[in-house]
Amino acid sequence: MKRSISLLSYFLIVALFFACSFSPEAKDVSSVATGEEVNKAFDTTGWYLAWSEEFDGTSVNTSRWSFDIGNGVGGWGNQELQYYRQENARVSGGYLYIDVKRESYNGFSFTSAKLKSQGKVQVHFGKIAARIKLPYGKGMWPAFWMLGRDFDGNNWPAVGEIDIMEMAGGQGGDIGDRIVYCTMHWDHNGGYASYGTRYTNSAKLSDDFHIYEIEWTPDGLIGRIDGIQYYYNDFFYNGNNGKANNEFQFPFYLILNVAVGGTFFDPDILNPADVTAPMPQSMVVDWVRYYTNSTSVPKTWKPASGNKLIIFSETNTGNNVFSFYDSKTATTLDAWANTCTVVEDTANKSEGTKGWKVTVGSVGWMGFGVSFAAYGANLLGYTNSTLKFDIKTTSAGPYKVGIKTGAILEAWVKLDSSVGFVADGQWHTVSIPMSKFFAAQKWLDFQYVTLPFMFASDGASQSGAVIYIDNVYWTAGTGNGSSSSSSSSSVSSSSSSSSVSSSSSSSTTSSSSSVSSSSSSSASSLYTHGGEVVSTTSAKLYFKPNGWTAGYVIVHYTVNGGGQQNVNMTYNSSTGRWEYTITGLSSGVTINYGFTYQKDGIQYDTGGLIYTYTFNPSSSSSSSVSSSSSSSSSSNGVINVPGVISTNVGSIANGSTKSWTVNCTVNANYRVWITSTSSYNSRSITVSFNGTSVPISIDAGQTVNVDFGWKTTGNKTFSIKANSSNVKIGKVEMVTY
């Protein structure tokens with residue numbers, strides 16, 4: 001839904017903005033001839049259903065949806081006339097009803113509802129669709145749309161907006177009830193830009209259900225109604241600017257609502273008396289579905305050998321950020337707005353043969369950054385690392401150093417003596433732990449690091465000042481791939497749509513195995529995984545969700561400690577598993593592996609190669625899996641999580657507490673899964689983590705989960721206290737979400 005912009009001015013902005021570069025038009029394609037841009041029906045061939053909301057319950061599922069309440073700021077930025085209430089959303093007979101009423105409430109003349117999945121369900125590339133029956137009449141503004149995941153109420157349009165469907169009811173008479181719009185909004189040089197098209201249906205959109213969908217890739221977006229394409233935007237990349245519209249390279253969340261009046265109409269509808277639509281009415285939603293396929297699965301970044309993240313260094317070895325698959329993920333160094341120049345200098349370096357020479361310009365400020373282009377990279381393994389670089393200058397600044405995740409989230413740390421900075425014309429090493437960046441911006445998401453190094457003035461800059469910088473890198477963090485650890489660098493960029501090529505097929509099913517064997521696996525609360533023999537030289541790794549649907553699964557693995565491979569697994573519908581076959585193996589080799597997977601539209605990562613499979617084709621047992629069924633305790637008794645805390649806690653006496661020290665290796669929200677092995681129902685326990693205690697009741701054989709909804713890292717205390725007799729606990733596992 002647009003922010004304070006009428007239909008007339010909306011299309012004028014589209015035309016004015018794009019006239020200088022793209023020159024598209026807002027167009028009505030309802031009369032496009034068959035064979036040009038028309039698909040006959042909603043088609044899911046080749047798509048995999050990753051998540052769906054079928055509204056089969058008796059009320060809105062609040063684990064998936066939350067509500068906006070009230071009229072927002074300035075009528076939600078559009079001078080809308082309704083007051084949103086949770087009571088106006090109901091579920092009945094397999095449908096969601098958003099009821100729009102003309103009633104006096106809190107000083108407003110209308111009530112409606114607005115559902116959003118922010119923080120609960122997100123989507124990232126793929127096919128997003130909903131089957132909806134719209135309301136009608138002048139003043140009705142129904143919408144099915146999405147906002148960038150990091151939206152905080154003040155950062156639009158920089159987070160991006162995708163309007164899958166919206167209608168200006170009664171606009172221009174009854175024809176307004178037949179016209180649907182698909183639009184994208186984004187930031188353009190600190191301002192606002194959008195591109196939208198419309199489709200005119202042969203009958204009112206309120207007469208029947210219609211399917212509104214988009215297909216979203218890293219390069220563009222297609223919009224359809226009932227399979228008929230009427231929107232296409234491939235303006236994600238503009239000429240040589242690989243970062244154009246990069247807000248559309250990151251996850252979005254879903255929104256369903258009906259507004260009343262506002263500035264979307266032409267002319268504006270700002271007076272309740274001008275709303276003539278009959279009421280009460282409802283927008284009726286049959287389902288919302290999210291599909292993925294092989295081209296919408298994020299591409300993984302294949303790191304070089306080593307355990308450091310090298311940004312600019314010749315003597316350090318590790319994962320060089322300049323090693324990428326293609327030009328769209330090429331790393332670049334940008335001097336912002338010509339505020340400085342950055343050149344390689346062979347006379348002034350702290351190591352190797354060259355360093356950076358930064359000369360401050362005369363515009364009053366300066367800054368530059370090293371970026372991962374539009375895509376970013378998954379650097380979850382580095383959340384406990386330290387950013388290090390060498391610097392030599394006589395300019396005291398002040399200066400600051402930053403990192404950026406996603407499209408907009410930045411964190412800056414002041415450059416002073418506390419981190420090793422001295423402006424005396426000599427080389428000094430600056431060390432900034434990631435904890436300082438998280439203290440500055442707690443919502444940093446290391447799944448999507450876009451700028452791993454930024455340098456800028458922290459106020460007015462000194463024109464002509466010279467700064468030498470060299471040996472820039474991130475140290476190894478917990479679980480980031482240290483060669484002495486069981487977990488190796490699992491760096492997967494959830495960004496590119498291209499699937500990772502591989503020499504072996506990932507679609508092998510059990511029927512193709514030349515060696516008959518039963519796989520042994522390790523059961524997790526969330527998934528089952530393992531390895532099994534396929535032939536004398538090949539083995540199959542698999543991942544099977546337990547009672548949920550994965551949007552995609554990427555397996556990261558090494559063979560006998562060799563180079564890490566990162567490969568998209570293929571779903572096998574006959575086994576219900578995601579599978580990948582590794583070839584060219586010899587008996588006795590060790591395969592270390594881990595996963596990146598998507599659940600409810602959100603990407604999760606095991607945090608490294610935490611599982612082990614020994615390939616032994618001559619053995620009667622096809623796998624030897626060391627995984628989440630065994631605790632990942634270190635030598636000092638601290639247990640690394642995410643991972644299994646215990647496979648079998650055992651009995652806990654009434655009033656007693658069982659405690660563990662866990663090391664949170666990933667800066668994320670944590671969820672604990674607890675399984676009861678007691679034969680008694682309604683056992684009362686208190687689960688405590690990081691100072692927060694949650695009392696719960698657990699039945700015989702039941703597995704329950706408790707969410708601790710904040711991001712944290714480092715050593716924390718986790719405990720389970722028995723508040724009743726006959727408490728017996730089996731497996732306890734902590735995951736991130």
Open item on the list: Yes or no: the stretch 393-404 includes at least one residue that is out of contact with any His (no Cβ under 9 Å at 6 or more places or on another chain), within 29 Å of PRO218 (Cα to Cα) and among the basic types (Lys, Arg).
Closed with: yes
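The rows are residues; the columns are (1) within 30 Å of LEU444 (Cα to Cα); (2) charged (D, E, K, R); (3) at pLDDT 85 or above; (4) touching a Cys at 6+ places or on another chain (Cβ under 6 Å).
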residue	(1), (2), (3), (4)
SER632	yes, no, no, no
VAL644	yes, no, yes, no
VAL666	yes, no, no, no
GLY701	no, no, no, no
THR717	yes, no, yes, no
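Of these, THR405, THR394, which one is surrounded by fewer than 20 Cβ atoms within 10 Å (Cβ to Cβ) and either touching a residue at least 24 places away in the same chain (Cβ under 8 Å) or outside the structural domain of PRO251 (by the TED database) (or both)?
THR394
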TODO: Sort through ALA203, ALA244, ALA193 and tell me the only one that's at pLDDT 90 or above and at negative phi.
DONE: ALA203
Open item on the list: Which numbered condition in (1) within 30 Å of the chain's Cα centre (by Cα); (2) at positive phi is the only one that GLY139 fails?
Closed with: (1)
Open item on the list: Going through THR62, THR58, THR44 one at a time, which residue ends up being closer than 27 Å to THR570 by Cα, at pLDDT 50 or above, part of a loop (DSSP other than H, G, I, E, B) and of a type in the set (Val, Ile, Thr)?
Closed with: THR44
Open item on the list: If I ask for residues that are small (Gly, Ala, Ser) and at pLDDT below 90, which ones from the stretch 365-404 would you list?
Closed with: SER371, ALA373, ALA374, GLY376, ALA377, GLY381, SER385
- [ ] Name the single residue, out of those in the stretch 309-346 being at pLDDT 85 or above and of a type in the set (D, E, K, R), that is farthest from the chain's Cα centre (by Cα).
- [x] ASP345
Task: Set TRP443, TRP474: member being surrounded by fewer than 20 Cβ atoms within 10 Å (Cβ to Cβ), under 17 Å from THR713 (Cβ atoms) and at pLDDT below 95 - done: TRP443
Open item on the list: Between VAL687, VAL666, VAL662, VAL672, which is assigned to a strand (DSSP E or B) and touching a helix residue (DSSP H, G or I) at 6+ places or on another chain (Cβ under 6 Å)?
Closed with: VAL666
Task: Evaluation of TYR580 against (1) part of a strand (DSSP E or B); (2) surrounded by 24 or more Cβ atoms within 10 Å (Cβ to Cβ); (3) modelled with pLDDT under 90 (one fails), failing number - done: (3)
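I need the full set of residues from the stretch 375-427 which are part of a loop (DSSP other than H, G, I, E, B) and among the hydroxyl-bearing types (Ser, Thr, Tyr), in order please. Can you show your working first?
From the stretch 375-427, those part of a loop (DSSP other than H, G, I, E, B) are 375-376, 378-379, 383-385, 394-398, 406-408, 415-416, 420-427; that's our starting set.
TYR375, THR383, SER385, THR394, SER395 - these are the residues of the stretch 375-427 that are part of a loop (DSSP other than H, G, I, E, B) and among the hydroxyl-bearing types (Ser, Thr, Tyr).
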- [ ] Scan the stretch 134-142 and give yes if some residue there is part of a strand (DSSP E or B), in the same structural domain as ASP268 (by the TED database), of a type outside the set (Asp, Glu) and at pLDDT below 90, otherwise no.
- [x] no
Task: the stretch 139-180, residues that are more than 23 Å from PRO280 (Cα to Cα), among the charged types (D, E, K, R) and surrounded by fewer than 22 Cβ atoms within 10 Å (Cβ to Cβ) - done: ASP152
- [ ] Please work out if PHE689 is at pLDDT below 80 and either crowded, with 21+ Cβ neighbours inside 10 Å or closer than 18 Å to ILE639 by Cβ (or both).
- [x] no
Task: Selection from the stretch 101-138 of residues that are surrounded by fewer than 24 Cβ atoms within 10 Å (Cβ to Cβ), farther than 26 Å from ASP152 by Cβ and among the aromatic types (Phe, Trp, Tyr) - done: TYR105, TYR136
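Search the stretch 43-52 for residues being over 19 Å from the mean Cα position of the chain (by Cα) and surrounded by 13 or more Cβ atoms within 10 Å (Cβ to Cβ), and hand back the single one that is nearest to ASN293 (Cα to Cα). Spell out the reasoning first.
Of all residues in the stretch 43-52, those over 19 Å from the mean Cα position of the chain (by Cα) come to 43-47.
Of the ones still in play, those that are also surrounded by 13 or more Cβ atoms within 10 Å (Cβ to Cβ) are 44, 47.
On the way: THR44: 10, TRP47: 5 Å.
Looking at residues that are over 19 Å from the mean Cα position of the chain (by Cα) and surrounded by 13 or more Cβ atoms within 10 Å (Cβ to Cβ), I get TRP47.
Does at least one position in the stretch 232-239 carry a residue that is modelled with pLDDT of 95 or more, out of contact with any helix residue (DSSP H, G or I) (no Cβ under 7 Å at 6 or more places or on another chain) and within 30 Å of GLY75 (Cβ to Cβ)? Even if it seems obvious, please write down each step before you answer.
Of the residues in the stretch 232-239, the ones modelled with pLDDT of 95 or more are none.
No, because not a single residue in the stretch 232-239 is modelled with pLDDT of 95 or more, out of contact with any helix residue (DSSP H, G or I) (no Cβ under 7 Å at 6 or more places or on another chain) and within 30 Å of GLY75 (Cβ to Cβ).
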Open item on the list: Suppose we keep only residues that are part of a strand (DSSP E or B) and small (Gly, Ala, Ser) within the stretch 73-132. Which one would you say is farthest from THR44 (Cα to Cα)?
Closed with: SER104
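The values are calculated or read from the model by the stated rules, or taken from the named source; none is laboratory data. A quick note: this is a predicted structure, and the numbers were derived from the prediction, not measured. So basically every Cβ, Gly included, is an ideal-geometry build from the backbone, and we count neighbours across all protein chains shown.
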